[in-house]
Amino acid sequence: MKFSLAICGAAAAVLSSDVAAQPIIHDAEHYILHAQHGERWATEDAALQEKLDALAVEHGTKPNIIHIMWDDTAVGEVGIPEIQAVRGFETPNMNQMADEGINFMRMYTEPACTPTRAAFQTGRYAVRSGMHTVSFPVEYSGMDAEEVTIAEVLSGAGYNTAFYGKWHLGDTEFSYAHNQGYDEALFTPYNQVPSMWIPQAEVGNVITGLYPDFYGEDKYDIDNSWQPLGQVWTLEGTKGGETLEWGPPPNIENYWDIETEAQRRTLAFIDKSVEEQKPFFIAYHPILAAFFPDPRKTQKDTANKNLAQEGLVAIDQFVGELFDYLEAKGIAENTLVIVMADNGPFIHYGPRGMVETLYTGGKGDFTEGGVRVPAIAKWPGVIEPDQIVGDILHVSDLFTTFARLGGAMDAIPTDRVIDGVDQTSLLLNGDGFSRRDYVMIYQGPNLSAGVKGRFKRDWKNATPGLSKNEFYDLYTDPREKTGEMIEQFHIKSMFNRQRARHELWMDQYPNRPDPTPGPALTGIANERPETRQLYTAPVEVENLPFTPEQINNYPRPFSDSDM
């Protein structure tokens, strides 16, 4: 069907027509590409399916999938040893992965932890699920039960599914990992901030007010009920089973042990799945580090010696162990492994050692340094080795791609927008075979920038009434240092149409405005008394004009930075 890309109304008509023929509803921009390349894609897909079917016959099962995602790392920090040579650390196993697989140069994520993790799990921009802002403890909200995760999709296709590590998608019972489709899970409801919520940190003046007993009496402190003394670091559970707290605070050693336990369980889950002759999907999302040192560790592993680099080296050691394990089990050639970061470096108010490396900005920013991350894929015998791929892909694409690899496309929900596009062709055919040339970049619920191929528009800082230097050519100015106006006025209308199509589709399929509220950390079988205080009233309920349930169910966040 021919149509004018310049007329939003005509484009909308084509979109409505195309959606009727498509089992999955994608963002509007996808249909512009599909109308131009759909026939070629269909031909590619037929050949790809033949290859996947042949692999399933050869190995006896669908492919295993392992996804490893950690925090706050700039492009170039892993996979490029030349950069590591001047940074004082090495990740030889992940560098070898890049040599033996694909090193992605344009993997886009969301600007921060919670949004990226929600996008990965659901295949949707985080603004659609309401999980658009970073959650901090105690949150009293989480990812809604109606969201469909990649674990639920793959479970329906016969996969064993497991999650280990940093979940960071809420502290409500319906948001727990094992209540979101995973067969088994060991997970942290929050980020790494609670690792500082320990007596040693109060004594060392790292935090203030959590343990007031450690300093002199404050006669003006008249409410001692608000401190979250019952914080929970780690929960575990199985699908349909009970929830247990694992390694409770305040012993800092327990926090550091989350990582080793998650790694141990990852290997054990592989054993279990191989024994059952079932394909498996494992999301191992490392904690990376804690904000208070492990007292048992007295020696640094790197010359850099900072938090992120020490964590990357530890993850790298496990990646090497993992590949050896897959080889020993005889399943390496039937296992796709992807490693990546969730967003750019924590350069604003973060720990030492976080630097931009290649691109401008970091965690929380809509600039390339905030949303382009290192990402490497290896699948021996399937992915050609030694590839550098410059195509755009987005973390949400992994949802749809994993579903395709697992034969589970029919399980993807069709009542909502799925932003993730199937990138199987990019994985198997290599550079130049992406199904995406666009990204919409949100900060919280606000659209801040749009990317289309080599071009980018800064929506956040645009001057009302007059376009100025809000346009970038990422080939000539990858660090976004000099926005242009006259030189790029020809792309203004392109971005206006892109945004109009995007927001038209949001009108058709409205977003969930905020995370779903609820009581925090309920349903824990081995609940501690101090944990119970987090979802009950701090005083006798009959003395209050409101109830804990009213507060628990009151919509949050109260501001864009409150979550």
- Those lysines that a straight Cα-Cα span of less than 20 Å connects to Lys452, excepting residues fewer than 8 apart in one chain: Lys460, Lys468, Lys481, Lys492
- Message: Once you keep just the Cα pairs under 8 angstrom separated by 6 or more residues, what percentage relative contact order results for segment 410-563?
- Response: 13
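With the other protein chains left in place, how much accessible area per residue, in square angstrom, belongs to the chain at a 1.4 angstrom probe?
Working: 22710 Å² over 563 residues.
With the other protein chains kept in place, the chain gives 40 Å² per residue.
Taking the mean number of other Cβ atoms within 10 Å as a proxy for protection, how do you rank 148-155, 111-118, 255-262 from highest to lowest?
Details: 148-155: 24.0, 111-118: 27.4, 255-262: 20.2.
Packing order, densest peptide first, comes out as 111-118, 148-155, 255-262.
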- Task: Mind checking which lysines have their Cα closer than 26 Å to the Cα of Lys278? Skip sequence neighbours fewer than 8 apart in that chain.
- Result: Lys51, Lys62, Lys166, Lys239, Lys329, Lys378
- Task: Can you tell me the 0 to 90 degree angle between the C-alpha axis of helix 28-59 and the longest principal axis of the chain, rounded to 10?
- Result: 80
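In percent, how large is the relative contact order of the chain, given Cα pairs closer than 8 Å and 6 or more residues apart?
Numbers: 1173 pairs, mean separation 141.0, N = 563.
Here the relative contact order equals 25 percent.
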- Note on the structure: Expressed in angstrom and rounded, the centroid-to-centroid distance over alpha carbons for segment 341-396 and segment 286-333 is 18
- Note on the structure: For the chain, the percent of accessible surface on carbon and sulfur atoms (probe 1.4 angstrom, ligands and nucleic acids excluded) is 53
- Task: Output the antiparallel fraction of DSSP beta bridges having both residues in the chain, as a percent to the nearest 5.
- Result: 55
- Message: Between [x] 88, 65, 47; [y] 74, 63, 39; [z] 74, 62, 48, which entry matches Cα extents along the principal axes in Å as derived from the coordinates of this structure?
- Response: [z]
- Note on the structure: The answer for the net charge of residues other than Gly407 whose Cβ lies under 12 angstrom from its Cβ, with Lys and Arg +1 and Asp and Glu -1, is 0
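The values are calculated or read from the model by the stated rules, or taken from the named source; none is laboratory data. A quick note: this is a predicted structure, and the numbers were derived from the prediction, not measured. FYI the Cβ positions are ideal-geometry reconstructions off the backbone, even for glycines, and counts take in every protein chain you see. Ligands, DNA and RNA are excluded from the accessible area calculation, which covers all protein heavy atoms including side chains. Shrake-Rupley method; radii C 1.70, N 1.55, O 1.52, S 1.80 Å.
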